Structures are given as C-alpha cells and as structure tokens.
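**Student:** Below you will find the structure I want to go over with you.
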Amino acid sequence: IEDILASLMDLSGRFVEYQSCGVFAFDDEGCLEALSLRGAPGLAERLAAQREDGILDWVLRERRPVVIEDMATIEQCDVAERSTVVVPLIVRGKQVGIYALYCARAKDEFTAGEIDLLGVLASQAAIAIENSRLYTDLEAAHTQLQDSQHQVLLSAKFAAIGELAGGVAHEVNNPLQIILSRVQLMTLQNKGEAKVVKGLQLIEHNVKRISRIIRALLGFAGHNAQ
C-alpha cells in the first residue's frame, strides 16, 4: 500500500504542483485516518475543519473531484490564493476514503483535464489499495488455515501415540501381573531362605515399579485420546 500511495503522489506532482497532499481512509467509526502524508503540515487539520463545516460531506455526496477555495487566503490581499483539491476514493460504489492536495493556486486556475486526471489516478489507486488489502486478508486467512491444519495434524499424531501407548501398556501389564503373583507365591514358599527371599523381593519391587510406569502410560494414553 505504501508503494501505491507514493506512486499516486509522485504522478500527481508531475502535472499539479502541491504544497502538501495526503490519502485518508475512513475507519470503522467513519472518521478520517491518514494513510500517507507528504509536504507541509496542516492538511489533516484543514480537512477536519472542512468536515465540521459540512464542506467535506458535500464533496463526498458529489462523488467526484472538487476544488475548495481556502477562504483565509482569499480574504488576505497580500497572500496568494490557495485551494484544496478533494478526490473521493471509491471502490465498487463504496467510498473508502479521500485523496487531498493543498495547492498554491486559485480555484479557477485548475483545468478540467487536471481535475479529471487526478480523479483517474485516485480511482486506480483506490482499486490497487483495495486489492492490496484483499491480498493481505487472503494471506492472513491462508496462514490461519495452515496453523489450523498443523494443529489438526498434531492432534492426530498425539491421538495415534496415545492409542499405541495404550495398546502397549495393556499388553505389558498382563504378563507383569502374572510375574508379580508368581513372585509373591514363591516368597511365601521360601520364607526360610533369606537369600532367596531377598532376591524375590528385589524382583517384586521392580515389577511394581514397572507397573507404576504402565499406569502412568495408560493415563497419558487416555489424556491424548480425549
């Protein structure tokens, strides 16, 4: 968008000399927001004053470029007359903003060809700006879609891992319970053999440890299956 606006101002300056110019867009509340400004300051304030006086709204209703005299310069004899050229930015019948140029020229000094050419440039710029915004929105939607697809793939992977972990846990847990019961039985049968009992208790301890790990794995599987 910045490149489009710069080109619009550069081309305008080739045939209409201006002291300042700017492109303004309407925000959600209908207020003018400066997208790009060039030249001497004060253009935004002039437009705000013209809107308060109802002049700018009249221009927008006209839906065509209009030259507005700077009354402050007309009333001063020793100051050259100045004017503001206001060009509505319209895309598919919708007004999206304005293009304004503050020039050191009287209203009558502008030719119809100059005003028409400014209108054509502004119209092309408005379309380009809208297309750029649409492209930006499309890129954002595409990025969001990619993120969503990535999340879906991650969810599918976690679900598969959970299912695999659950299957493995069940297959391992059954033999462990058999081993544990046999070890406990052998412990009872060999109470008099301290060395044997100690070895069996070590086996029982580690089997129970494996069983706890299996239960944790089952919990992980159940969590990722949700």
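The values are calculated or read from the model by the stated rules, or taken from the named source; none is laboratory data. Being a predicted model, the structure only gives us computed values, none of them experimental. A quick note on method: Cβ atoms are made from the backbone with ideal geometry, for glycine too, and the neighbour counts reach across all protein chains shown. Accessible surface areas use protein heavy atoms only, side chains included; no ligands, DNA or RNA. Shrake-Rupley method; radii C 1.70, N 1.55, O 1.52, S 1.80 Å.
**Student:** What per residue convex hull volume, in Å³, do the alpha-carbon atoms of region 93-210 yield? Display every interim value, and only then the final one.
**Tutor:** Values: hull volume 19.8 nm³, N = 118.
In region 93-210, the Cα convex hull volume per residue is 168 Å³.
**Student:** Let me ask something additional. Counting only protein heavy atoms, what percent of the accessible surface of region 1-48 is carbon or sulfur at a 1.4 Å probe?
**Tutor:** Working: 1320 of 2750 Å².
In region 1-48, the share of accessible area belonging to carbon and sulfur is 48 percent.
**Student:** Same structure, new question: Considering amide H positions built from the backbone, and no H for Pro or chain starts, which residues 5 or more places from residue 105, or on another chain, come under 5 Å of its amide H?
**Tutor:** 83
**Student:** Now, a different point. State the percent of C-alpha pairs, over all pairs in region 1-114, separated by a distance greater than 25 angstrom. Intermediate results must be reported in sequence, preceding the final value.
**Tutor:** Numbers: 1111 of 6441 pairs.
In whole percent, the long-distance tail amounts to 17.
**Student:** Give me the accessible area per residue for the chain, probe 1.4 Å, as a whole number in Å². Provide the component values of the computation, followed by the final result.
**Tutor:** On the way: 14370 Å² over 226 residues.
With the other protein chains kept in place, the chain gives 64 Å² per residue.
**Student:** Then there is this: Could you identify which residue out of 11, 118, 202 has the top mean-square fluctuation in a GNM of the chain using Cα springs shorter than 10 Å?
**Tutor:** Looking only at 11, 118, 202, the largest GNM fluctuation is found for 202.
**Student:** If you take the alpha carbon radius of gyration of the chain and divide it by 2.2 N^0.38 Å, what ratio comes out, to two decimals? Could you put the intermediate results ahead of the total?
**Tutor:** Numbers: Rg = 38.9 Å, N = 226, 2.2 N^0.38 = 17.3 Å.
Against the compact-globule rule of thumb, the ratio is 2.25.
**Student:** Further question on the same structure: Quick one: ranking 121, 8 by accessible area, 1.4 Å probe, largest first, what do you get? All intermediate terms of the calculation are to be shown ahead of the outcome.
**Tutor:** Numbers: 121 35, 8 10 Å².
Listed by decreasing accessible area, they come as 121, 8.
**Student:** Can you compute the FRET efficiency between residue 45 and residue 3 using 1/(1 + (r/R0)^6), with r the Cβ-Cβ distance and R0 = 35 Å? Round to the nearest 0.05. Kindly include the intermediate steps, with their values, before the conclusion.
**Tutor:** Working: r = 27 Å, r/R0 = 0.77.
So, using R0 = 35 Å, E works out to roughly 0.85.
**Student:** Still on this structure: Name the most mobile residue of 112, 194, 160, meaning the one with the largest mean-square fluctuation, in a Gaussian network model of the chain with Cα contacts below 10 Å.
**Tutor:** 194
**Student:** Between 133, 182, 38, where does the largest GNM mean-square fluctuation fall for the chain, given springs only between Cα atoms within less than 10 Å?
**Tutor:** Highest fluctuation of the listed residues: 182.
**Student:** On to the next question. At a Cα cut-off below 26 Å, give the lysines reachable from residue 198, other chains included and same-chain residues fewer than 8 away excluded.
**Tutor:** Excluding near neighbours in sequence, the set is 208.
**Student:** Rg and Dmax of region 143-223, Cα atoms, in Å?
**Tutor:** 20.1, 72
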